[in-house]
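Data first, discussion second: the structure below is written as structure tokens.
The values are calculated or read from the model by the stated rules, or taken from the named source; none is laboratory data. These numbers were taken from a predicted model, which means no experiment stands behind them. Note that each Cβ is placed from the backbone with ideal geometry, even for glycine, and that neighbours are counted across all protein chains shown. These accessible areas exclude ligands, DNA and RNA; they are computed on the full protein's heavy atoms, side chains included. Shrake-Rupley method; radii C 1.70, N 1.55, O 1.52, S 1.80 Å.
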Amino acid sequence: MASLSGQPSKKSMRTSRGSDGSLPGSRNSGGQTVKFARRTSSGRYVSLSREDLDMSGELSGDYMNYTVHMPPTPDNQPMDTSVAAKAEEQYVSNSLFTGGFNSVTRAHLMDKVIESEVSHPQMAGAKGSACSMPACDGKVMKDERGADVIPCDCRFKICRDCYMDAQKGSGLCPGCKEVYKMEDFEDESQDFSKGTLQLPAPDGSKRDPKNMSMMKRNQTGEFDHNRWLFETKGTYGVGNAFWPQDDVFEEEDDEGFKGGMLDPKDKPWKPLSRKIPIAAAIISPYRLLILVRLVVLCFFLQWRLTHPNEDAVWLWLMSVVCETWFAFSWLLDQIPKLCPINRSTDLQVLHDKFDMPSPSNPTGRSDLPGVDLFVSTADPEKEPPLVTACTILSILSVDYPVEKIACYVSDDGGALLTFEAMAEAASFADLWVPFCRKHDIEPRNPETYFTLKVDPTKNKSRLDFVKDRRRVKREFDEFKVRINGLPDSIRRRSEAFNAREEMKMLKHMRESGADPSEPMKVQKATWMADGTHWPGTWTVSSSEHAKGDHAGILQVMLKPPSNDPLIGGTDEKIIDFSDVDIRLPMFVYVSREKRPGYDHNKKAGAMNALVRASAILSNGPFILNLDCDHYIYNCKAVREGMCFMMDRGGENICYIQFPQRFEGIDPSDRYANNNTVFFDGNMRALDGVQGPVYVGTGCMFRRFALYGFDPPEVKENPQKTDSEMQTLNASDFDPDLDVNRLPKRFGNSTMLSESIPIAEFQGRPLADHSAIKYGRPPGVLRVPRDPLDATSVAEAVSVISCWYEDKTEWGDRVGWIYGSVTEDVVTGYRMHNRGWHSVYCITKRDAFRGSAPINLTDRLHQVLRWATGSVEIFFSRNNPLLGSRRLKFLQRMAYLNVGIYPFTSIFLIVYCFLPALSLISGHFIVQTLSVAFLIYLLTITICLIALAILEVKWSGISLEEWWRNEQFWLISGTSAHLAAVVQGLLKVIAGIEISFTLTSKSGGEDIDDIFADLYLVKWSSLMIPPIVIAMVNIIAIAIAFSRTIYSTVPQWSKFVGGAFFSFWVLAHLYPFAKGLMGRRGKTPTIVFVWSGLIAITLSLLWIAISPPKASTADASGGGFQFP
């Protein structure tokens, strides 16, 4: 070690280890370097290499000294102990990493992340004691509980850097000058190699065996075995092993083994999930009616073609063309519904198989695979930070092994407001998460939980629940106030620091003799809580600090937890957590780099950046993505999905799609926001084919499938071999993929490439059944994960840079697919096209809940975006007609319907005008209302009603929900779908991009009414077609009624036929009309003026083109006649 003389500031001595910037003994970074540095008050980085110091030229004496760590040599071996590893992880988690294209990745040590005090030891910026070394401003190392780690009996407080310097130097404690004893600071781990299990206390809690032995001593001072057996109800097994009672698998007639622990392989195999077919009494008539209606439709269309209306051929031709298309569209929608199924899971079997203690796993450490949860947000103004923070809290408190969970939030706007809101959420999780575990809270979104209109004490038996709930409620109210006050706090802080910079600049100008009349060029920067520049987007945008131009940012908000439970105490928090695990899952803030001139591909690009960063940091075999407004409503949702992934056949499942459930919807669900017909009908039906489509949120992916690989092929290796239970190479996944081509597909990150076979292996189900061809041996995932190091985090920053995807297959074959505003559907289609299957998981308690726009205009724009993406899919290479043979026929029809349904709007609009044209012209779509026509019409209608009733039965929806869906189908079909067809064609033909407006998650202006948005009228051009259709039909009814009354021979049959269909159109448009009326009649007058003018113009134009015959009026001697 070489160092300059003097007394350096300890924080200026952070440096990368090794000549290449990597840590000794760390994983290969593929050339990625990281420089630890401290930013000055002006936001300038002070790096710690001699080259950077020589180039700076403006450093004060506080930054003149640096330390260079030599590469490991035989006489300079790195310290490889648990203390060093944990200290390194804590050091990394306290740093804000930034980097990007043509820039060095730097780690800025964060003294302060948020204004409020941080106490949890896992969180960045946690307070610690000061180091006792002279001239050192470092903080003392902390353990999992946040207590100071003091490595010497003399209690001399020392920070991580000074401790490492002492170890690599003399090896003596600076306080007592005695040699450090390394073995005293290793993790205390019990040896269970012989099956020994720690004895539990009488109350079920774990105590120190020494303390227990003192409690159970008799009068002679010896350990009283009888007393211990009586109070603990324990039994002794073979030798010194203790076997707790376990009669879970005891059969009624089983006289064999009673009690004790069974190894999982000795237990009878049980499935984790089951298919539940629809009752034959429902599904058989349903399929028969589909066939009957199809046959009747064919005969009806044949009859219509052979019986034209000679008096109005144009009217007949338009109606026949529309009816033919409707029949085709109905067939595409109905065929995939032939095989609906239900599924159930068994969480107890999952627990017994993966979490149950056994002789080989006496501590009960979980063997479940890891899960990385992604939350995406883009604009804190449209997506309130409080909503995102509550979503994060519901994730951090999920019921899944803590060490297996990692949460990533993608801030695509790079806003400091979001960053500090996430830091506040991580701080509040220190209280909220243990509270949820202690009292089994549901739901675990605090905003939703504290607003429930139910008795909170229901099913709660702990006496301290009411007291704990009251205290947490108060803390949550303060948390909300802090979140709401963040914008003003950031503004005031930035104004103060910017004013200070202006004073410095003014002072400098005076000292340098510059002209005071010249304007000062001081950037209006946005400042962090520690008094440094925010590297992301500033409130006042500037170069390299705008929404589309900022560096990549990565901050480990909560470092990975310890591998074993950490039981809380009574004096640590305001709540007694003495029997609760207080660990928190890993939580990472990510804002990918953005630069002008790059296509960042919106949400799909942000998701792919998270896939790469998470692969390096945690590499969970499964990924669950959520929108910022969709939170976990069922804390066991992840376990429910894992029942399918870990079951027999789970190796062929690419994702588990959960239904979307919404809150804040008006009771009548005016605009079919719940979309239950799709989520409970269509998606359940597709589950019986090849699986549901991916709908953008609430979906658990297999990471390996996202990487663009095919499902495992079992035909070539019908017999299981040892190699099938080992990790595979890239060529084993894809024979056409050479190792040398990995950078072409996945980029040049070696860490990312090395993580792929690990994720594939860890995502396999257990090889505990003969039908599982690609499995893994039990127990391999109980090994503790490696701690974080600087090299890994620096590599994660590198893979979120804007240039990383250049000349790779990201977005084309790998990850979320680019090129469509509905990237979710395309991504799911690509997986199904490669032969993967998906599963639809409907839980008794909703897995996730979110918000949906209840305003008419917002709802129409949402549907517009979906329909535009469908048009893009139809005209792209993702058209299912071009799919591979691995795509099943019914699945192909379902995807074809996704791409075709917007085009129905063209025929639907024409058909909605036909009743009005019929009434005005005096002609009907048929020559006469014959008996054959009425029989066909009646049969088709009866079949439709019967199908609706049976579909309601097997899908579990209500008839009112079905009717609301029909109404909004016509509303959206005559407005948003038509605009989508136009926009889609413009993009495909002319290359005109579509502007995507982010759906607002905020409420209405009236805070006292949660449905205020429902009555808010926002003008949109999408409203014109439905308004014109409604007014034309109303005017046509009035015209036809008047003409029929004044006729000598009234033809009521034609009037009734036309009026019936006009009323059918108006009944479907009724919710649209209510939305236009608003709550207080605030509909803009111009809406009615324009619609009335258009309707009257069209009516008069029709009269001018085809005036009524004068014979009737002349014969009658007078009557109603148009001028």
Open item on the list: What distance in nm separates the two pseudo spin-label positions at Thr941 and Ala546, each 7 Å out from Cα along the beta-carbon direction?
Closed with: 6.1 nm
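Among 521-529, 603-611, how do they line up by average Cβ neighbours within 10 Å per residue, starting with the highest? Provide the component values of the computation, followed by the final result.
Working: 521-529: 18.2, 603-611: 24.4.
Highest to lowest by the protection proxy: 603-611, 521-529.
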Open item on the list: Once R0 is set to 22 Å, what does the formula 1/(1 + (r/R0)^6) return for the Cβ-Cβ distance between Ala990 and Asp599, expressed as a FRET efficiency to the nearest 0.05?
Closed with: 0.75
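Sorted by packing (mean other beta-carbon atoms within 10 Å per residue), highest first, where do 424-431, 667-674, 925-932 land?
424-431, 667-674, 925-932
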Task: Carbon and sulfur %, accessible surface of the range 826-945 computed with the full protein complex present, 1.4 Å - done: 68 percent
Task: Spacing of the two label points (7 Å from each Cα toward its C-beta) at Arg471 and Lys453, in nm - done: 3.2 nm
- [ ] Could you run the Karplus curve 6.51 cos²θ - 1.76 cosθ + 1.60 with θ = phi - 60° over the range 745-760 and give me ³J(HN,Hα) per residue in whole Hz, x for Gly and Pro?
- [x] 8, 10, x, 8, 7, 5, 4, 5, 5, 6, 7, 5, x, 5, 5, 5
Task: Most to least accessible of Lys547, Lys112 (protein chains only, probe 1.4 Å) - done: Lys547, Lys112
Task: Accessible area (Å², per residue) of the range 750-858, counting only protein heavy atoms and a probe of 1.4 Å - done: 29 Å²
Open item on the list: Sorting check: for 479-486, 298-305, 969-976, 906-913, which peptide has the highest mean count of neighbouring beta carbons within 10 Å, and how do the rest follow?
Closed with: 969-976, 906-913, 479-486, 298-305
Task: Carbon/sulfur fraction of accessible area - the range 591-687, other protein chains in place, 1.4 Å, % - done: 46 percent
TODO: Using a 1.4 Å probe and ignoring any ligands, DNA or RNA, find the accessible area of Val825 and quote it in Å² to the nearest 10.
DONE: 30 Å²
Task: With every protein chain in place, the range 288-378: carbon and sulfur % of accessible area (1.4 Å) - done: 72 percent
Task: Estimated distance in nm for a label pair at Ser170 and Ala499, the labels positioned 7 Å out from Cα along Cα-to-Cβ - done: 5.1 nm
- [ ] May I ask you to derive the FRET efficiency for Ser489 and Cys154 from their Cβ-Cβ distance with R0 = 41 Å, giving the value to the nearest 0.05?
- [x] 0.45
Task: Val1056/Lys270 FRET efficiency (R0 60 Å; Cβ-Cβ; nearest 0.05) - done: 0.40
